[in-house]
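The values are calculated or read from the model by the stated rules, or taken from the named source; none is laboratory data. Bear in mind that the values here come from a model prediction, so they are computed numbers and not experimental data. Positions of Cβ are generated from backbone atoms using ideal geometry, with glycine treated the same way; all protein chains shown enter the neighbour counts.
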Amino acid sequence: MKQFYTLNLLFLSFFSSAQQISNGNMESWDNLGLTTEEPSNWNGFKSGTGGLVSFGSQQVEQSTAIRPNASGAYCARIWSKSTLGIVANGALTLGQINMGSTTASSPLNYNYSKTSDTLFSEPLTVVPDSIVFWAKYTAASSQQARMHAIIHDNYDAHDPIDAASQPHVVARAELNYSPTAGSWARFSSPFNYEVQVGLMPVPEFILLTFATNKNPGGGAANDEVLLDDIELIYNASSLGELSSPVQLYYSTLHGLMSKDLSLDAELSIYSISGQLVKKGILSQMIGKTLPSGQYLLNYLGESQKLFIP
């Protein structure tokens with residue numbers, strides 16, 4: 001059996017400009033006034049696929065009920081519906097929704113990155129530290145809404161993550177949050193990195209999904225989430241910018257690792273205070289372990305920050 005480990009680390013790539021999610025502020029919309037209206041670059045049931053796609057209902061619309069001091073004029077509203085006692089959670093995703101079963105928890109119901117289609121996939125080649133968003137959630141106090149972000153390689157990854165998708169997952173951020181008592185709230189969730197032993201998936205896409213309930217078919221009719229200002233956070237950008245991503249990784253089990261980097265170039269590791277900790281060619285440094293702390297990795301004139309809890 002293949003084994004996977006969640007690594008308690010931050011892997012930070014630097015780049016000429018921080019990548020962000022297109023239309024994360026929900027200002028651009030398609031098909032306004034129709035049952036198929038959706039925020040540009042985002043998808044709901046009306047743009048879904050699967051055997052039950054004809055039963056997909058409108059459960060997303062443009063709203064002007066924005067938060068105080070918001071920079072834009074619109075947000076997205078998603079809501080749940082109940083048909084004959086079966087609740088369909090409101091959902092909004094960067095991928096495409098597959099509707100394959102009337103049983104909400106069925107594995108035939110999932111969202112996925114359709115990497116061959118720019119309408120249903122979102123490129124992301126650098127890895128952020130965290131994701132933040134604003135939400136206003138209305139539901140019973142015992143319920144929780146869901147945000148789930150999956151960074152993956154060039155594969156049509158599924159959410160929920162299935163066995164075939166797991167080897168392609170680079171990192172995930174997940175947050176279940178309670179009703180916000182009639183007010184807008186800002187939420188933040190870090191990315192946690194999942195690496196298959198012996199394989200380093202390269203980040204190429206992000207599959208991001210919001211739902212009115214953390215459980216498929218959970219909650220009740222007319223549960224509602226307003227969403228706005230979704231942003232990826234790159235805390236280490238102050239250390240400098242690189243013209244291209246650096247692919248150095250650290251595993252608490254296996255030490256320092258690399259992906260597609262020259263093994264004969266020199267690597268220097270400094271403490272956050274600037275003291276030299278280790279130095280040598282990369283082939284000699286692979287597998288070296290480090291105590292908990294913050295480090296700067298200098299390689300081929302570039303810098304990368306590493307945090308080990």
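If you check G217 against the conditions, is it among the small types (G, A, S), modelled with pLDDT under 95, within 23 Å of N109 (Cβ to Cβ) and outside the structural domain of N298 (by TED's automatic domain parsing)? Yes; evaluated as a whole, the condition is true for this residue.
Results for (1) closer than 26 Å to G182 by Cβ; (2) hydroxyl-bearing (S, T, Y), shown as yes or no for each residue.
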{"residue": "Y110", "(1), (2)": "no, yes"}
{"residue": "D117", "(1), (2)": "no, no"}
{"residue": "L124", "(1), (2)": "no, no"}
{"residue": "V132", "(1), (2)": "yes, no"}
{"residue": "A140", "(1), (2)": "yes, no"}
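Among the residues making up the stretch 47-62, those that are buried (at least 17 other Cβ atoms within 10 Å of the Cβ) and within 24 Å of the chain's Cα centre (by Cα) are S47, G48, G50, Q59, V60, E61, Q62.
Residue-wise test of (1) over 12 Å from the mean Cα position of the chain (by Cα); (2) surrounded by fewer than 22 Cβ atoms within 10 Å (Cβ to Cβ); (3) more than 17 Å from L207 (Cα to Cα).
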residue	(1), (2), (3)
P123	no, yes, no
V132	no, yes, no
K136	yes, no, yes
S178	yes, yes, yes
G182	yes, yes, yes
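Is the stretch 195-205 home to any residue that is assigned to a loop (DSSP other than H, G, I, E, B), of a type outside the set (A, V, I, L, M, F, W, C) and over 21 Å from N111 (Cβ atoms)? Give the derivation first.
Quick first cut of the stretch 195-205, residues assigned to a loop (DSSP other than H, G, I, E, B) only: 197-204.
Cutting the leftovers down to of a type outside the set (A, V, I, L, M, F, W, C) gives us 198, 201, 203-204.
Next, only the ones that are over 21 Å from N111 (Cβ atoms) stay: 198.
For the stretch 195-205, residues assigned to a loop (DSSP other than H, G, I, E, B), of a type outside the set (A, V, I, L, M, F, W, C) and over 21 Å from N111 (Cβ atoms): present.
Contact annotation: no residue pair with Cβ atoms under 6 Å, 6 or more positions apart or on different chains, pairs a residue in the stretch 30-46 that is in contact (Cβ under 8 Å) with a residue 12 or more places away in the chain and not assigned by TED's automatic domain parsing to the domain that holds S57 with a partner that is of a type in the set (G, A, S) and surrounded by fewer than 16 Cβ atoms within 10 Å (Cβ to Cβ). Looking only at the stretch 141-182, which residues are under 17 Å from T115 (Cα atoms), of a type in the set (D, E, K, R) and at pLDDT below 95? Selection gives D153 alone.
Go through S183, S189 for me and flag whichever is assigned to a strand (DSSP E or B) and among the hydroxyl-bearing types (S, T, Y).
S189
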